[in-house]
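Throughout, read-outs are computed from the coordinates displayed, never taken from laboratory work. The structure presented is a predicted model; accordingly, all values stated were derived computationally and were not measured. Quick reminder, even Gly has a Cβ in these numbers, built from the backbone with ideal geometry, and neighbours come from all protein chains shown.
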Amino acid sequence: MSVNSFSTSNLKEQEQEFLNDHETQILYELRGILNTVESINRTILDAIQLTSSGGRLYEAQQRSNAGLDEFKKLIGNIFIGN
């Protein structure tokens, strides 16, 4: 094996090692991006659930207020009738 072919072979090995390291780094970065996207997705789902719950609570409060208004009218009519 000549010196020139050894250098070329060694250079190719270094190049391949660099590419492998670079690919590994990209995979770690992609994993980080995926984890971030999953976290955002969970946050959005939590917000949707809270909004949905908040909407149901608001509707329940409105029904409760309507019921209280009806109760007040009923009580008022009882006292006015007496």
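Rounded to the nearest 10 degrees, the inclination of helix 3-81 to the longest alpha-carbon principal axis of the chain is 0 degrees. All other residues whose Cβ lies under 12 angstrom from that of T24 are scored, Lys and Arg at +1 and Asp and Glu at -1, for a net of -3. The residue among N35, L74, L50 whose Cα reaches farthest toward the positive pole of the charge dipole of the chain, with charges on the beta-carbon of Lys, Arg, Asp and Glu, is L74. Using the Cβ-Cβ distance between R42 and R63 with R0 = 41 Å, the FRET efficiency computed as 1/(1 + (r/R0)^6) comes to roughly 0.85. For semi-axes √(5λ) of the Cα gyration tensor in Å, the candidate list reads [x] 78, 4, 4; [y] 35, 16, 8; [z] 28, 12, 10; the entry that matches the value derived from this model is [x].
Once the piece of chain linking I26 and E13 is laid out straight, how much longer is it, given 0.36 nm per residue of separation minus the C-alpha distance between them? Walk me through the numbers on the way to the answer.
On the way: separation 13, 0.36 × 13 = 4.68 nm, distance 1.97 nm.
So the extension gain works out to 2.7 nm.
Its DSSP H runs of at least 4 residues, each contributing -39,500 (n - 2.57), put the calculated 222 nm mean residue ellipticity of the chain at -37000 deg cm²/dmol, to the nearest 500.
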